[in-house]
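A short write-up of the structure that comes next.
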Amino acid sequence: MFAEFAAAHAPGMAILEDCARLVRQLGEPELAAQSGLPETTIRAFVAAHKQLQPFAELATGIPVDILILVSRWSKKVQPDLIPALLEAVRGVSHSEAEDHLRAAAREFGKPRPPRGTVGVAKRPDFWGRRRVTFHLTDAEFAQVRAESQPFIDAARAKDESLTYGQALDVWFKRQLLSPARAGKPTYKPVLLLPVDSSLIWDRGSLVTADGARVNPQELLDAQLDDTGWALQTALDADGVAQVVTVAAIQNTRFSSGVHRMIAALETLVCAWPGCHHVAAECQAHHIEAVRNGGMTAWDNLTPLCAVHNGMNDDIPERVKNGRIIRGNGGYPGLQRRPGDPVRYSANDLLTSGWRGLTYDHYARAH
Ligand SMILES: [Zn+2]
């Protein structure tokens, strides 16, 4: 039964064509009544058909749900770029398709994000509440998460049935509705220093072979004392980005969490393709399992969310979901079976951490 259902959805373009033809013959309401499909679905099918019909040949073989996604994203690019979008989603899962489309639309279309606006529902719901929606950037949400975490932890410790979202709801309302709120935003900066590998840290100052000198005191004077870390990265002899040194911008000794921090800052996002959990919500996953001799060193760690950490095949010979390994340029990615190509997260955070910045720096410098 399920196999038939899945097979029936595979020839997506043929379904869209059929739907458009039937709407012309019968009209939307009649087709909805006859087929049992909601009118909103039928409208989405017709819109997708109109947009993708000129590229029907390229769309052949792509499932209907992914064609609908392409149609939605194609509004953000010039029509002559639609073939590139179709190419981007061929053979990928639904959750990955959206990442690929976002990346392709950003690369080709360069859409500017719309000005932020708060959406307020026109009517209250059954309980007299209105739905209010707005967008936060990743950085803004990271700040919200950091500030709300102590409250959320305490609330959930008191009431175990409380979900994260429910606790966040309580926190948000307090922030918005309580008259006086103390508290400044807190940051934990990391200074990324992609530099020549001949640089060495010497007695707390950064000295170069040609005599240039960077005094961390300058950094401390900028009131960064006790706040974060300085991370020196460089390409090794094989041209792969590496961490050369990490120095805490504080007076305490390096914490044991340093390697986890380096791993989190490397990719900033769960390394599993199609996942959007930011590194702060992830666990430090051992690429080579500890029981197989894997070390707790940054190059053997990568952020994975709890779900994907659980899915990773820790025993390489026992193939089930695939496992995270280091591939091109040292980036962590998913290998389905031994020998298969490595697939990477298409979330652009992946290349926004120190590894991507180091490559950018070298590409510009040389
Ligand atoms: Zn994940």
Has segment 91-99 got any residue that is surrounded by fewer than 19 Cβ atoms within 10 Å (Cβ to Cβ), of a type in the set (Gly, Ala, Ser) and touching a residue at least 24 places away in the same chain (Cβ under 8 Å)?
-> yes
Any hit, segment 312-321, residues being within 16 Å of the ligand (Cβ to nearest atom), open to solvent by less than 70 Å² (accessible area, probe 1.4 Å), of a type outside the set (Val, Ile, Thr) and touching a Cys at 6+ places or on another chain (Cβ under 8 Å) | no
If we scan segment 339-354, do we find a residue that is over 25 Å from Leu235 (Cα atoms) and either free of Cβ contacts under 8 Å to residues at least 24 places away in the same chain or in a loop (DSSP other than H, G, I, E, B) (or both)?
-> yes
Quickly run through segment 130-163 and pick out the residues that are open to solvent by 60 Å² or more (accessible area, probe 1.4 Å), farther than 17 Å from Ala279 by Cβ and assigned to a helix (DSSP H, G or I).
-> Glu147, Pro150, Asp153, Arg156, Ala157, Lys158
Does segment 48-57 hold any residues that are open to solvent by less than 70 Å² (accessible area, probe 1.4 Å) and either of a type in the set (Ser, Thr, Tyr) or within 15 Å of Leu85 (Cβ to Cβ) (or both), and which are they?
-> Ala48, Gln51, Leu52, Phe55, Ala56
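Per-residue answers, yes or no, for (1) modelled with pLDDT under 90; (2) open to solvent by less than 40 Å² (accessible area, probe 1.4 Å):
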{"site": "Gln242", "(1), (2)": "yes, no"}
{"site": "Cys270", "(1), (2)": "no, yes"}
{"site": "Ala280", "(1), (2)": "yes, no"}
{"site": "Gln283", "(1), (2)": "yes, no"}
{"site": "Asn292", "(1), (2)": "yes, no"}
{"site": "Thr296", "(1), (2)": "yes, no"}
{"site": "Gly310", "(1), (2)": "no, no"}
Have a look at Pro332, Pro303 and point out the one that is surrounded by 19 or more Cβ atoms within 10 Å (Cβ to Cβ) and either among the aliphatic types (A, V, I, L, M) or out of contact with any helix residue (DSSP H, G or I) (no Cβ under 6 Å at 6 or more places or on another chain) (or both).
-> Pro332
Restricting attention to segment 280-298, report how many residues are within 13 Å of the ligand (Cβ to nearest atom) and either of a type outside the set (A, V, I, L, M, F, W, C) or in contact with a Gly (Cβ under 8 Å, 6 or more places away or on another chain) (or both).
-> 3
Within segment 112-122, identify whether any single residue is under 19 Å from Cys282 (Cβ atoms), surrounded by 11 or more Cβ atoms within 10 Å (Cβ to Cβ) and of a type outside the set (D, E, K, R), and answer yes or no.
-> no
Residue by residue through segment 330-346, note down the ones that are at positive phi and more than 19 Å from the chain's Cα centre (by Cα).
-> Gly339
The residue that is modelled with the lowest pLDDT, considering only those in segment 245-268 that are β-branched (Val, Ile, Thr) and surrounded by fewer than 21 Cβ atoms within 10 Å (Cβ to Cβ), is Thr252
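The values are calculated or read from the model by the stated rules, or taken from the named source; none is laboratory data. Treat the numbers as computed from the prediction; the structure is a model and nothing was measured. Cβ: placed from backbone, ideal geometry, glycine included. Neighbour counts: every protein chain shown. Note: accessible area is taken over every heavy atom of the protein model, side chains too, but ligands, DNA and RNA are not part of it. Shrake-Rupley method; radii C 1.70, N 1.55, O 1.52, S 1.80 Å.
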